[in-house]
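Down below is the structure, laid out as structure tokens.
The values are calculated or read from the model by the stated rules, or taken from the named source; none is laboratory data. Source: prediction; values computed, not measured. Quick reminder, even Gly has a Cβ in these numbers, built from the backbone with ideal geometry, and neighbours come from all protein chains shown.
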Amino acid sequence: MAEELTVDWQDARRPRPPDGWAAFAAGRGLPVLWSWELVRLAATGARPAVLAGTLRDGGGDGGTVRGLVTARFPGPRAGGRGTIPLAGVVDVDCVLSASLPGVVLSDPELYPAAVEAVRRAVLRAHGRRARALMFRQVSAEQLPAVTRWPAVVREGGPIAVFRNTHADFESYLRGLSKSRRWSLRQCLREIDADPDVTVSFRARGDRPHEVGPREFCALVDRTMNKHHRGRLLPRRPARPEVAAAQLDHPETRLAVYRGAGGRLLAVSMLLGAGRLPIYNAWGALGPAEGGRKGLWFHDNMLKVRWCIENGLDGFVSGQGTIPAKRSMGFETHRQWAVLVPLVHASRRL
């Protein structure tokens, strides 16, 4: 498709969404992670700065919105050797989830035009301050669109997705290997029967969740800092103001595990809307810290059972622990990060 798109950058901190943003997100059934309120909260006081805009055809404000784009830009300098994100690199990804790309479109065939539009818009807005674009969560089908120029291509960890093709939870379990089926059933029995562990998995409804945003963020960040190893993958610390808005959303489901005395053992968040919600956060104490073995598997089974019983298509499980997710029957999708230098392009424009 030879259609030309333009990017209409907006101040991501402004209260009102850009014209067409909310209608596009609602019309495409995008998850709440693309709601302007959450983007605004993520951008307010954020470092690096958050960029957000609409992709339009026809040029100018009068064009039809054909997509949305978010990115992060630390500026031409960063604070020290090995700093992530990289200085001068505009990181094009979803600012609220490592499982989602930074460009969503009404038609996948528009991706080459969207890449070109983002490239030109960044050059016009930032000139030589922007040294490169980093497109994340690029699929195999999208790679040709971002490798038209000299580029550095790196395959990242795959994204896992649970696809619900099952009549009931038991039929799902019967499709797994004998050893995995046995271990999951044992895990469910032991945790469900443990009198010292209470489990809640629900949407907010008429009463607040069993955990507040600060307690939630503290455990999620603790877990992330313990396991984060990727030097080129930016950390995404949980922010209480963003978590508060997510927890308050009617389609957010929170799993909370508490032990004796009410100590928080584990917490996870499943974000709607639509038929394929996003598993967006997990935090847990390890057994050596007073936690319980098997809570991660139990939590995944809560979500699998809920999707099956409610007829959803499944959920996006994200990166990490891929062998365990494959053993639970999740599919995996390869994805790449592509670094596109902008030096030569800036000389031509």
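Assorted remarks:
- Members of segment 13-31 that are without any contact (Cβ under 8 Å) to a residue 60 or more places away in the chain, crowded, with 16+ Cβ neighbours inside 10 Å and assigned to a loop (DSSP other than H, G, I, E, B): Arg13, Pro17, Pro18, Gly20
- Long-range neighbours under 7 Å by Cβ, at least six apart or interchain, first residue closer than 16 Å to Tyr257 by Cα and among the charged types (D, E, K, R) within segment 275-300, second modelled with pLDDT of 95 or more and assigned to a loop (DSSP other than H, G, I, E, B): Arg292/Val197
- Residue that is surrounded by the most Cβ atoms within 10 Å (Cβ to Cβ), among those in segment 32-65 that are at pLDDT 90 or above and over 21 Å from the mean Cα position of the chain (by Cα): Arg56
- Scope segment 146-164; condition surrounded by fewer than 19 Cβ atoms within 10 Å (Cβ to Cβ), outside any loop (DSSP other than H, G, I, E, B) and in contact with a Ser or Thr (Cβ under 9 Å, 6 or more places away or on another chain); matching residues: Val153
- Filter result (under 17 Å from Thr223 (Cβ atoms) and crowded, with 19+ Cβ neighbours inside 10 Å) within segment 247-263: Leu254, Ala255, Val256, Tyr257
- Scan of segment 326-349 for residues that are among the polar types (S, T, N, Q) and at pLDDT below 95, ordered by number: Ser346
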